[in-house]
Amino acid sequence: MRAIRKFDEFIKDNVVKKQSADKSRAEFLIKESENSYTNLLEKIQKIKLNDANANDFVKSCYDILMELIRAKMLLAGYNASGFGAHEAEVSYMRVLEFDEKDVQFADQMRFFRNGMLYYGTILDKSYAEKVIYFTKRIYSKLKQMH
């Protein structure tokens, strides 16, 4: 897996466009992320994580984080669309001043999620546990940002 590009490159390539801040759409995404995060915590308590449901947990975690990152982008007047949009959203974590190791782990999640959706990638319980831990940590950081 190659290193993720810098956010400015996505702007240059028109994957990310500058626009007016979209507060209502951002608020919707924040609420969706909050609901999904609550559901994730309930699932963790009620359903035992195993190899058979690991993909479901990883997809949920990825979506929760990307909804919050997308909301931050919309509030700052950025919108990513088309080929490379998900990579651009992960790259935006650098703008939000996340550590490079966190950006790289989020990009790995993006890569594996894409693999699940299009190539039949199957993840295991061990990886899902790492993703859940990462999600809890990054979710709280994203929520604390103003």
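The values are calculated or read from the model by the stated rules, or taken from the named source; none is laboratory data. Computed from a predicted structure; not experimentally measured. Note that each Cβ is placed from the backbone with ideal geometry, even for glycine, and that neighbours are counted across all protein chains shown.
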- Message: Condition first: among the hydrophobic types (A, V, I, L, M, F, W, C), touching a Leu at 6+ places or on another chain (Cβ under 6 Å), over 16 Å from Tyr133 (Cα atoms) and in contact (Cβ under 8 Å) with a residue 40 or more places away in the chain. Can you find one or more residues in segment 57-71 that meet it?
- Response: yes
- Item | Filtered residues of segment 112-132 (kept if out of contact with any helix residue (DSSP H, G or I) (no Cβ under 9 Å at 6 or more places or on another chain), more than 13 Å from Tyr62 (Cβ to Cβ) and part of a helix (DSSP H, G or I)) | Tyr118, Tyr119
- Task: Would you please name the residue that is farthest from Lys141 (Cα to Cα), looking only at residues in segment 73-95 that are assigned to a helix (DSSP H, G or I) and in contact (Cβ under 8 Å) with a residue 60 or more places away in the chain?
- Result: Ala85
- Within segment 1-23, which residues are in contact with a helix residue (DSSP H, G or I) (Cβ under 9 Å, 6 or more places away or on another chain) and over 19 Å from Asp107 (Cβ atoms)? Lys17, Lys18, Gln19, Ala21, Asp22, Lys23
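Okay, residues lined up against (1) among the hydroxyl-bearing types (Ser, Thr, Tyr); (2) under 14 Å from Lys6 (Cα atoms); (3) in contact with a Ser or Thr (Cβ under 8 Å, 6 or more places away or on another chain); (4) at pLDDT below 95:
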residue: Ser33; (1), (2), (3), (4): yes, no, no, no
residue: Asn39; (1), (2), (3), (4): no, no, yes, no
residue: Cys61; (1), (2), (3), (4): no, no, yes, no
residue: Glu97; (1), (2), (3), (4): no, yes, no, no
residue: Val103; (1), (2), (3), (4): no, yes, yes, no
- Task: From (1) crowded, with 19+ Cβ neighbours inside 10 Å; (2) of a type outside the set (A, V, I, L, M, F, W, C); (3) not in a helix (DSSP H, G or I), pick out the condition that doesn't hold for Tyr37.
- Result: (3)
- Restricted to segment 71-89 and to residues being more than 16 Å from Met145 (Cβ to Cβ) and among the aliphatic types (A, V, I, L, M), the residue surrounded by the fewest Cβ atoms within 10 Å (Cβ to Cβ) is Ala85
- If we scan segment 120-131, do we find a residue that is within 14 Å of the chain's Cα centre (by Cα), at pLDDT 95 or above and either surrounded by fewer than 17 Cβ atoms within 10 Å (Cβ to Cβ) or not hydroxyl-bearing (Ser, Thr, Tyr) (or both)? yes
